[in-house]
Amino acid sequence: MYSSISESLHIFSSGLYAKHHIQNAVHATLLHQALYTVTQRLEPEPLRSLKLLNNKLRKRIRVDYLPRIQRLLALSSFKLHIPFNYEGLYKWSVDRKLLDVIFTVSREPFNYIDFNKIKVPVYILKPGNAFDDNILSLRNTRSKKDYAVYYARLVPEKGVLEIPLIWYLVSALRPTKLVIVGRFFNQEIYSNFRKLLEDLGIEDFIVYKGFIQSREDLYKLVANAKVLVYPSHYDGFSLVVLETLALGTSVIAYNIPALSDIYSSLLPVKLVEECDIRNMALNTIKVLNKDTIQYSREHESPEVRHFLELHRGWRRVAKAEINLFKRILAERRELNYVEENVR
């Protein structure tokens with residue numbers, strides 16, 4: 001059995017090579033977002049972003065946009081950004097039946113992918129993600145500083161072009177700094193982001209840190225923030241949200257399937273309807289204004305503590321993967337036994 005539980009193109013290719021050349025090999029891979037473009041039952045979250053913004057944005061934000069701002073939102077950059085040629089490689093591997101098993105970290109893909117088309121069994125890893133133990137030493141629920149944070153892959157499907165609109169509303173009612181961390185996918189997205197800040201007149205409220213190399217420095221920044229603003233349209237699990245919770249910081253995010261499935265029962269995570277920018281801004285202000293005792297009580301609740309314990313350390317994820325391997329091999333042995341007896 002070869003497991004390419006990684007989004008590395010080279011590791012995935014190695015798994016396909018092993019499957020092609022080794023007799024009785026079983027190739028298991030982690031679901032990559034490229035599969036959305038190979039076989040989809042419904043339009044996936046990232047590709048709905050522009051339509052939702054066009055249909056709902058002006059009603060939700062309750063301000064009149066300049067034509068220039070509307071044009072900046074109607075971008076060709078609203079698309080699923082898949083690095084390398086994952087789409088072609090997935091299609092090639094599906095056509096040649098070189099994928100035996102797909103692992104996913106939540107139920108989210110079942111909303112959008114018709115797995116019957118590719119005839120590959122899918123298993124959900126539980127837990128599917130974890131945070132490193134050492135970040136708990138930075139956990140902070142009481143001595144917060146008065147700023148918000150947003151960190152992610154800086155692409156439209158992660159909501160980076162909605163951030164200026166959200167912060168336009170927040171800063172109008174409660175002047176607060178938003179610290180942004182990450183690397184923009186390309187110059188076009190960065191340029192349009194800057195233009196939105198300028199047109200909305202909120203440059204003074206946005207601090208762009210770029211990509212922070214030191215994980216400890218990033219975690220300290222998140223741990224000291226009062227809230228993570230996370231308008232992502234696509235996530236399979238969201239390690240960003242998990243790490244933020246472990247660091248003791250509250251989260252405001254869209255109610256997309258994966259986040260709803262995994263985080264909706266936790267008090268420090270507030271989910272709003274997708275593209276409801278006004279509600280996201282209002283809930284962000286509520287968290288910024290929340291008193292220390294109530295804030296800390298939410299983060300120290302039994303539900304949050306249990307959730308963090310379940311996702312503490314990657315050893316639990318590795319054990320879950322091993323147990324799935326054992327189950328898959330047992331099922332294959334049983335199937336082979338039945339086939340032999342039928343013959």
Return only the number of the condition from (1) surrounded by fewer than 20 Cβ atoms within 10 Å (Cβ to Cβ); (2) in contact (Cβ under 8 Å) with a residue 40 or more places away in the chain; (3) out of contact with any helix residue (DSSP H, G or I) (no Cβ under 6 Å at 6 or more places or on another chain) that residue 291 does not satisfy.
(2)
Here's a check for you: in the stretch 129-171, which residue that is out of contact with any His (no Cβ under 9 Å at 6 or more places or on another chain) and among the polar types (S, T, N, Q) is nearest to residue 200 (Cα to Cα)?
171
Does any residue in the stretch 170-188 that is assigned by TED's automatic domain parsing to the domain that holds residue 252 come within less than 7 Å, Cβ to Cβ, of a residue that is among the basic types (Lys, Arg) six or more places away or on a different chain, and which pairs are these?
179/209; 180/209; 181/209; 182/153; 185/153
Pick from the stretch 298-318 the residues that are assigned to a helix (DSSP H, G or I) and either basic (Lys, Arg) or free of Cβ contacts under 8 Å to residues at least 40 places away in the same chain (or both): which of them is surrounded by the most Cβ atoms within 10 Å (Cβ to Cβ)?
316
One residue is enough: does the stretch 237-256 have a residue meeting the conditions among the hydroxyl-bearing types (Ser, Thr, Tyr), touching a residue at least 12 places away in the same chain (Cβ under 8 Å), in contact with a strand residue (DSSP E or B) (Cβ under 7 Å, 6 or more places away or on another chain) and more than 18 Å from residue 305 (Cα to Cα)?
yes
Meets criteria (among the aromatic types (Phe, Trp, Tyr) and crowded, with 23+ Cβ neighbours inside 10 Å) for residue 254
yes
Selected residue (criterion: nearest to the chain's Cα centre (by Cα)) from residues of the stretch 137-190 that are of a type in the set (Phe, Trp, Tyr) and surrounded by 17 or more Cβ atoms within 10 Å (Cβ to Cβ)
151
Taking interchain pairs and intrachain pairs at least six residues apart, which have beta carbon atoms under 6 angstrom, with the first residue in the stretch 114-136 and over 24 Å from residue 259 (Cα atoms) and free of Cβ contacts under 8 Å to residues at least 60 places away in the same chain and the second acidic (Asp, Glu) and not in a helix (DSSP H, G or I)?
none
Restricting attention to the stretch 304-311, does a residue exist that is modelled with pLDDT of 90 or more and over 27 Å from residue 228 (Cβ atoms)?
no
If a residue has to be over 22 Å from residue 14 (Cβ atoms) and either surrounded by fewer than 18 Cβ atoms within 10 Å (Cβ to Cβ) or hydrophobic (A, V, I, L, M, F, W, C) (or both) to count, how many in the stretch 93-134 make the cut?
16
In the stretch 217-242, which residue that is at pLDDT below 95 and not hydroxyl-bearing (Ser, Thr, Tyr) is nearest to residue 127 (Cα to Cα)?
237
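The values are calculated or read from the model by the stated rules, or taken from the named source; none is laboratory data. Remember, it's a predicted structure, so these values are computed and weren't measured experimentally. Cβ sites come from the backbone with ideal geometry, for glycine too, and all protein chains shown count toward neighbours.
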